[in-house]
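In what follows, a structure is listed as structure tokens, so that the remarks can point back to it.
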Amino acid sequence: MSDMEYPQDLLYTDKHEWLRQAGDGVYRVGITAYAQEALGDVVFVTLPAVGDTFSRDDAAGEVESTKSVSDVYSPLSGEITAVNEALDATPEAVNTDPYGEGWMFEIKGTEASEVEELIDAEAYAATLD
């Protein structure tokens with residue numbers, strides 16, 4: 001899977017989520033190219049509601065594909081501040097643009113130390129070998 005792209009400016013989890021800083025303590029979250037390819041064609045996305053709170057590694061949503069249904073995990077403890085409502089009409093954006101239009105939600109983290117435990121693109125790619 002070394003031909004896939006893993007943007008260097010993102011942080012990653014071992015559960016195949018990515019994070020991009022979107023503000024002061026706020027991170028935009030989606031699934032990686034590896035995850036979307038493993039799922040196949042995404043046909044439905046269930047997202048959390050703004051205001052929902054999660055602990056790190058809690059299931060915060062689901063992605064349904066032609067192959068299976070998979071949880072999307074919260075990479076941080078915190079509160080959901082935004083969701084990508086466009087995925088209701090265009091869930092395939094998770095496949096076509098996983099790091100852009102296919103983002104899923106934004107979370108305001110409550111534990112700064114959890115961000116430090118995330119991995120960079122090189123370390124994430126190494127977990128896939």
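The values are calculated or read from the model by the stated rules, or taken from the named source; none is laboratory data. Since this is a predicted model, take the numbers as computed values, not measurements. Methodologically, a virtual Cβ is constructed for each residue, glycine included, from the backbone with ideal geometry; neighbour enumeration extends over all protein chains shown. Only protein heavy atoms, including side chains, enter the accessible area calculation; ligands, DNA and RNA are left aside. Shrake-Rupley method; radii C 1.70, N 1.55, O 1.52, S 1.80 Å.
Out of the helices (runs of 4 or more DSSP H) lying entirely within segment 90-129, which hold 2 or more residues that are touching a helix residue (DSSP H, G or I) at 6+ places or on another chain (Cβ under 8 Å) and open to solvent by less than 80 Å² (accessible area, probe 1.4 Å)? Give the derivation first.
Numbers: elements: 93-96, 112-116, 121-127.
In segment 90-129, 93-96 are the helices (runs of 4 or more DSSP H) which contain 2 or more residues that are touching a helix residue (DSSP H, G or I) at 6+ places or on another chain (Cβ under 8 Å) and open to solvent by less than 80 Å² (accessible area, probe 1.4 Å).
Val69 - would you say it is closer than 23 Å to Ala112 by Cβ and either loosely packed, with under 15 Cβ neighbours inside 10 Å or free of Cβ contacts under 8 Å to residues at least 24 places away in the same chain (or both)?
Values: closer than 23 Å to Ala112 by Cβ: no; either loosely packed, with under 15 Cβ neighbours inside 10 Å or free of Cβ contacts under 8 Å to residues at least 24 places away in the same chain (or both): yes.
Against the criterion (closer than 23 Å to Ala112 by Cβ and either loosely packed, with under 15 Cβ neighbours inside 10 Å or free of Cβ contacts under 8 Å to residues at least 24 places away in the same chain (or both)), Val69 does not qualify.
Can you work out which of the residues in segment 20-59 that are among the hydroxyl-bearing types (Ser, Thr, Tyr) and touching a strand residue (DSSP E or B) at 6+ places or on another chain (Cβ under 8 Å) is nearest to Pro7 (Cα to Cα)?
Thr32
Select from segment 78-89 the residues that are open to solvent by less than 20 Å² (accessible area, probe 1.4 Å) and in a loop (DSSP other than H, G, I, E, B) and list them in ascending order.
Asn84
Pick from segment 1-41 the residues that are touching a residue at least 24 places away in the same chain (Cβ under 8 Å) and polar (S, T, N, Q): which of them is farthest from Ser113 (Cα to Cα)?
Looking at the filtered set, the residue picked out is Ser2.
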